Amino acid sequence: MRRVPSLASFVASEDGGMTAGGLIFTTIILAVGGLAVDVSNAITQRTHLQLTADATAHAALYVRNATLTATAEEAKASALALGQTNMPPGVYGNVLTTEDIEFGVWDRETRRFTPDENSRTAVRVWTHRTAADDNEVTTYLLKFAGFDAFDVRTASIFETYKPPCDPEGFVAENEVDIQSNNSFFNGFCIHSNDVVSINSNNYFEEGTVVSMPDSTRLDTPASGYRTNEGLREALRYGAMQIRLINALREVPPSPFGTGSAAMWNYIQLATRDGQLSYLSAPPRNVTIVNGRPAPAGANADSVEAGRNLLDRNDALALRPNAVNYVFCSSSSMQLQIDRPITNVVVITNCQISFRSGGALENALMATLHTSATAITGASDTRIGVIDDCAPGGGAQLVALGGMNFAAGISINGGQLIALREIAFAANAEGLRGTSIISGDTVSGTSNMSMGLCGSGMEDNLSLDYFRMVQ
């Protein structure tokens with residue numbers, strides 16, 4: 001017969017005594033587990049917010065600098081759309097708004113950001129998931145410890161900058177090929193995204209940079225380090241986006257009207273303030289037809305010019321201080337330069353040939369011609385004024401094709417940009433203030449001297465690069 005416990009024995013019984021303690025320990029275990037699960041989730045959400053802030057900041061600064069006319073509002077709207085694509089409001093709430101995108105100035109010394117809506121040099125973006133925005137990061141297990149949500153905020157700052165080979169140096173998408181007995185002085189930069197080929201008996205002064213993707217892409221003789229003084233110390237490794245080349249590839253070679261307009265937009269975008277210092281007059285159209293009528297659509301200011309841009313009075317048929325659009329009716333026709341060209345911009349579809357006496361000073365010539373010899377030069381071709389790096393006097397050549405110069409070319413505060421090979425022969429003494437940028441190969445031979453000016457190249461073309469600073 002089963003005994004029924006008395007009231008006294010029930011009160012004295014210790015059966016089930018661990019239940020209360022178990023509940024306490026269970027709560028502690030859930031809280032500790034919550035630190036692992038919920039904090040990990042908060043960190044994951046913070047990483048997502050940071051990536052969104054980074055992408056949005058980069059997009060805002062890129063769009064702000066993509067055209068001369070891009071406004072801060074347009075850049076913010078475009079960047080906001082990207083941010084909301086990364087973190088859709090329907091899923092994450094409003095993690096950023098246009099008010100969270102600020103243009104300004106970044107001080108590299110103090111590492112301080114100062115808002116300035118007119119600036120194109122830096123941007124700061126905030127992203128957030130907070131209770132105030134009604135999109136906080138909720139917890140799962142920490143709720144048992146009375147903690148319901150995390151407020152998470154991130155920020156990203158991007159700035160514009162110039163890479164080491166801007167504004168002076170040799171830069172090529174494919175190969176930089178240098179032969180023997182050349183001298184490179186402090187601050188001069190040689191970079192290839194593929195191979196740097198260097199022969200023997202070259203000199204690299206301290207402070208010179210020779211860079212390429214990795215050490216296997218340096219092509220030298222077995223005695224390369226021994227016979228090229230300073231080369232080992234000059235070596236750096238890494239690739240770069242050559243923005244001037246990438247943008248130039250977007251310029252169409254034809255039709256002339258479309259290509260020339262795109263080339264002028266490219267030039268404007270790549271100048272410091274959208275205007276070259278010596279331009280002040282309206283543009284002029286010059287048509288080279290070799291005695292034939294100007295093509296249909298040429299405006300009333302077109303003139304009939306000879307092959308060397310001379311009019312009937314033996315004067316240059318170019319308007320000074322203006323953009324001159326020079327049309328060649330045949331792809332085999334040349335625009336021949338046999339005297340100094342100054343204070344003009346020339347945009348053409350002609351081949352350009354610098355004859356003896358040809359020079360460019362305070363001027364820019366750009367051709368849509370795509371041949372390997374779109375621009376050629378005689379032995380005494382001079383690009384820029386020989387002025388020992390004084391302000392002004394520089395000059396620029398731009399080609400959708402290639403360039404080839406005979407021995408003795410003189411570049412002084414000058415810039416050559418081409419989609420195809422840029423080649424120059426021996427004895428190019430006096431190169432000072434030189435920027436040569438090719439979408440293919442930069443090829444130099446022997447007995448050249450390349451040094452850094454640091455001034456006198458104010459009108460050189462340049463496009464900003466972007467980097468995260470915080």
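The values are calculated or read from the model by the stated rules, or taken from the named source; none is laboratory data. Because the structure is predicted, anything quoted here is derived from the model rather than measured. Cβ: placed from backbone, ideal geometry, glycine included. Neighbour counts: every protein chain shown.
A few notes on this one:
- Unique match (being buried (at least 16 other Cβ atoms within 10 Å of the Cβ), over 27 Å from the mean Cα position of the chain (by Cα) and at pLDDT 85 or above) among N308, N324: N324
- Single condition L397 does not satisfy, out of (1) free of Cβ contacts under 8 Å to residues at least 60 places away in the same chain; (2) in contact with a Ser or Thr (Cβ under 8 Å, 6 or more places away or on another chain): (2)
- Tallying residues that are among the hydrophobic types (A, V, I, L, M, F, W, C), more than 14 Å from C328 (Cα to Cα) and buried (at least 24 other Cβ atoms within 10 Å of the Cβ) within segment 366-384 yields 2.
- Residues in segment 94-123 that are charged (D, E, K, R) and surrounded by fewer than 14 Cβ atoms within 10 Å (Cβ to Cβ) were compared, and the one that is nearest to D151 (Cα to Cα) is E99.
- Residues that are under 21 Å from I437 (Cβ atoms), surrounded by 13 or more Cβ atoms within 10 Å (Cβ to Cβ) and of a type outside the set (A, V, I, L, M) within segment 242-259 comprise R243, P252, P253, G259, listed in sequence order.
- Set A70, A42, A8: member being closer than 30 Å to T271 by Cβ, hydrophobic (A, V, I, L, M, F, W, C) and either assigned to a helix (DSSP H, G or I) or at pLDDT 80 or above (or both): A70
- Those residues of segment 128-148 which are part of a loop (DSSP other than H, G, I, E, B) and either touching a strand residue (DSSP E or B) at 6+ places or on another chain (Cβ under 9 Å) or touching a residue at least 40 places away in the same chain (Cβ under 8 Å) (or both), in sequence order: T130, A131, D133, D134, N135, E136, T139, Y140, L141, F147, D148
- Of all residues in segment 141-164, those that are at pLDDT below 90 and either more than 12 Å from A42 (Cβ to Cβ) or touching a Leu at 6+ places or on another chain (Cβ under 8 Å) (or both) total 10.
- Flag if E206 is out of contact with any Ser or Thr (no Cβ under 8 Å at 6 or more places or on another chain) and in a helix (DSSP H, G or I): no
- Considering the conditions (1) polar (S, T, N, Q); (2) modelled with pLDDT of 65 or more; (3) assigned to a helix (DSSP H, G or I), T26 is excluded by exactly one of them, (2).
- Matching residues in segment 72-93 - criterion: being closer than 22 Å to V152 by Cβ and either surrounded by 15 or more Cβ atoms within 10 Å (Cβ to Cβ) or in contact (Cβ under 8 Å) with a residue 60 or more places away in the chain (or both): A79, L80, L82, G83, Q84, N86, M87, Y92, G93
- Qualifying residue in segment 176-199 (condition: over 29 Å from H48 (Cα atoms) and touching a helix residue (DSSP H, G or I) at 6+ places or on another chain (Cβ under 6 Å)): yes
- Within segment 149-189, the only residue that satisfies the criterion of being buried (at least 18 other Cβ atoms within 10 Å of the Cβ) and free of Cβ contacts under 8 Å to residues at least 40 places away in the same chain is C189.
- Test result for F103, in the same structural domain as T44 (by TED's automatic domain parsing), among the aromatic types (F, W, Y) and within 16 Å of T71 (Cβ to Cβ): yes
- Test: G433 is under 21 Å from F184 (Cα atoms), buried (at least 20 other Cβ atoms within 10 Å of the Cβ) and small (G, A, S): yes
- Of residues in segment 188-203 being part of a loop (DSSP other than H, G, I, E, B) and modelled with pLDDT of 95 or more, the one nearest to G413 (Cα to Cα): N193
- All conditions in (1) part of a loop (DSSP other than H, G, I, E, B); (2) of a type in the set (S, T, N, Q); (3) in the same structural domain as A234 (by TED's automatic domain parsing) hold for T110, with the sole exception of (3).
- Applying the criterion of being in a loop (DSSP other than H, G, I, E, B) and free of Cβ contacts under 8 Å to residues at least 24 places away in the same chain to the residues of segment 220-237, the residue that is surrounded by the most Cβ atoms within 10 Å (Cβ to Cβ) is T220.
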